[in-house]
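Following: one structure in structure tokens, then a few remarks.
The values are calculated or read from the model by the stated rules, or taken from the named source; none is laboratory data. What you see is a predicted model, and the numbers here were worked out from it, not measured in a lab. All Cβ positions, glycine included, derive from the backbone under ideal geometry; neighbour counts span all protein chains shown. Accessible surface is based on the protein model in full, side chains and every heavy atom, while ligands, DNA and RNA are left aside. Shrake-Rupley method; radii C 1.70, N 1.55, O 1.52, S 1.80 Å.
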Amino acid sequence: MIKIVTETNISDLRIFARGKVRDIYDLGDKLLMISTDRISAFDYVLPNAIPYKGIVLNKLSEFWFKKTRRIVKNHYLTTSLDEYPFNADKYREILDGRSMLVKKAKRIDIECVVRGYLAGSAWKEYKSSGKVCGIKLPSNLEFASELPEPIFTPATKAESGHDINISENEMKKIIGHDLGDELKEISIRLYEFASNYARRRGIIIADTKFEFGLIDDELILIDELLTPDSSRFWPLNSYKVGKEPESMDKQFVRDYLEKIGWDKKPPVPELPPDIVEKTSLRYREIYQILTGEDLK
């Protein structure tokens, strides 16, 4: 039986940050990132845990970090407990399969979102204005349409609450023109590489988000990468323009919460067992499809 991890307590280490899903510990010039089985939606952590979720997030990020390091350097160091600079074996039940040792970087507080298809908040904005983050799009697009080319739609990274979509020019006012150009260029290259790879395996990456940091003024890729929490994955064989795509990501949970009419305020509803099971299955399936490996 897989161990479900929702809380971590590595008493030998100092906590650096606790996010909705990840617990991060400080090791000086390195960080220990632990992906729990918590799941969030609409800015709230849900009462339920999703079996295997943290392991999928960790292993899939590792997979993509290794695959994309020719495009841009990243913070990944190792997932081998034997290489951790403390007695990791003591916490093996918590760390094994769901933890990653990474370089510590100064985070750039911009969410770098790349969209290849029209969905989510971009669809809502397009319907009202014909634009997405200030980018004018063709007037005849339908829901889930593929865009003429991928677009870069940054957002401010909020500590709590919703990230706020901003224009490219607004982003450059915050972080500078040259760094803004570099973020856009690398984000689109990463998306195009991953999108082409996934499509050959029957998966559409509709959109995804990247996060970056700086180490000695050098740009590196950080956080998670191309996971079901940070991306929209659609099966290519059932995709149809104008139709709600089948989701192989966290959107499945959001759709359920919308369906039951939750007002997105406390109390946060529990997910029924079948939704938990189906969510877990989707996470495991997308890992197997993209990596070609069964989740061990």
Where a Cα-Cα gap under 13 Å defines reach, which aspartates and glutamates qualify for Lys265, not counting those fewer than 8 residues away within the same chain? Asp43
How much net charge surrounds Ala122 when only the other residues with a Cβ under 9 Å from the Cβ of Ala122 are counted, with Lys and Arg +1 and Asp and Glu -1? 0
List the aspartates and glutamates whose alpha-carbon lies under 13 Å from that of Lys90, not counting same-chain residues fewer than 8 positions away? Asp12, Asp82
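For the chain, which semi-axes, largest first and in whole Å, follow from the square roots of 5 times the eigenvalues of its Cα gyration tensor?
29, 24, 18
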Per residue, what accessible area does the chain have, given a 1.4 Å probe and all protein chains present, in Å²? 48 Å²
At most 15 other C-beta atoms within 10 Å and a DSSP loop state: those are the exposed GluC sites (Glu not before Pro) I care about. Give me the longest piece of the chain that has none. 8-141
Which aspartates and glutamates have a Cα less than 16 Å from the Cα of Lys278, not counting those fewer than 8 places away in the same chain? Asp37, Asp229, Glu246, Asp249, Asp255, Glu270
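Going by a ≥ b ≥ c, the root eigenvalues of the Cα gyration tensor, does the stretch 113-244 fall in the rounded group (a/c under 1.5), the prolate group (a/b larger than b/c) or the oblate group?
oblate
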At R0 = 30 Å, how high is the FRET efficiency between Leu236 and Asn169 if r is their beta carbon distance? Nearest 0.05 is fine. 0.30
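From the cross-link list Lys20/Lys157; Lys20/Lys184; Lys127/Lys157; Lys59/Lys250, which pairs have alpha carbons spaced over 20 Å apart?
Beyond 20 Å: Lys20/Lys184; Lys127/Lys157.
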In vacuo Debye sum over C-alpha of the stretch 1-149, base-10 log of normalised intensity I(q)/I(0) at q = 0.13, 0.20 Å⁻¹, listed in q order, is -0.75, -1.22
For the stretch 100-163, go through all pairs of different Cα atoms, get the mean of 1/r, take its inverse, and jot down that Kirkwood value in Å. 13.4 Å
